[in-house]
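Derivation of every value follows stated rules applied to the coordinates shown; laboratory data play no part. In this text, all values refer to a predicted model and were calculated from it rather than measured experimentally. Methodologically, a virtual Cβ is constructed for each residue, glycine included, from the backbone with ideal geometry; neighbour enumeration extends over all protein chains shown.
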Amino acid sequence: MMEPFVVTGWRAALYAKAEILLRAGRRTEEALNLVRPDDSGWASTTECRDFAEVLGKAGRIDEAIELLVPHLDKSWLLSVLVDITDGQGRDEGVLELIAPLADHARQARGEEHRDYAFSDAQELQARVLERAGRADEAIRILGQELAGRRFLAQNTLIAYAELLARHG
């Protein structure tokens, strides 16, 4: 069904076919080759994100992380990093990558800047801390952010409330 769209080279169809192949549990290399950026695509943050997601689904987590790291100046990639590493034993490394960005968000709010570039970094940091078995630390950090009004987005309030609810 996807093949007529794949033949045209439509990126969305290529990614859909790659996911179908991966879900079928076979032809991992074929799936990766469908979505691997060409030489010019490596500069595209979107293509790197998409390829990293497919690498993650193929179980090639270290390659996915390596691909994303040079692009983490784009805050919308943080959630991709957190998502593809969930349950993969990479939480400490992910925390090392997120911590400076969460600090940036704290400073931006503390200095009354309206730089929302990394507004979700604090909640993503707490999410990784929680899944790494460090829920108390996540609660403490987000609690301090809220008490000190060092957060940029309402989502941080919601993430904190949900975190508290999950841990009684």
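Side notes on the structure shown:
- If you sort the three axes of the alpha carbon gyration tensor as a ≥ b ≥ c, you get a/c of 1.5 or more for the stretch 1-97 and a/b no higher than b/c, which makes it oblate.
- With contacts taken as Cα pairs under 8 Å and at least 6 residues apart, the chain reaches a relative contact order of 13 percent.
- Note, ³J(HN,Hα) from phi for the stretch 85-101, Karplus 6.51, -1.76, 1.60, rounded to Hz, x at Gly and Pro: 9, 4, x, 10, x, 10, 4, 5, x, 5, 4, 4, 6, 7, 3, x, 6
- Rounded to the nearest 10 degrees, the angle from helix 135-147 to the longest Cα principal axis of the chain is 60 degrees.
- Sequence ranges 4-10, 158-164, 136-142, ranked by mean other-Cβ count within 10 angstrom, highest first: 136-142, 158-164, 4-10
- Protection proxy ranking of 124-131, 17-24, by the mean of other Cβ atoms within 10 Å over each peptide's residues and highest first, is 124-131, 17-24.
- Under Karplus coefficients 6.51, -1.76 and 1.60, residue-wise ³J(HN,Hα) of the stretch 56-69 in Hz, glycine/proline x: x, 5, 7, x, 9, 5, 4, 5, 5, 4, 4, 5, 7, 3
- Scattering profile of the chain at q = 0.14 Å⁻¹ [log10 I(q)/I(0), Debye over alpha-carbon scatterers]: -0.78
- In sequence order, the stretch 153-168 has phi-based couplings of 10, 4, 4, 5, 4, 5, 4, 5, 4, 5, 4, 4, 5, 5, 10, x Hz under the Karplus curve 6.51 cos²θ - 1.76 cosθ + 1.60, θ = phi - 60°, and Gly or Pro positions carry x.
- Peptides ranked, highest mean first, by Cβ atoms within 10 Å: ranges 82-93, 53-64: 53-64, 82-93
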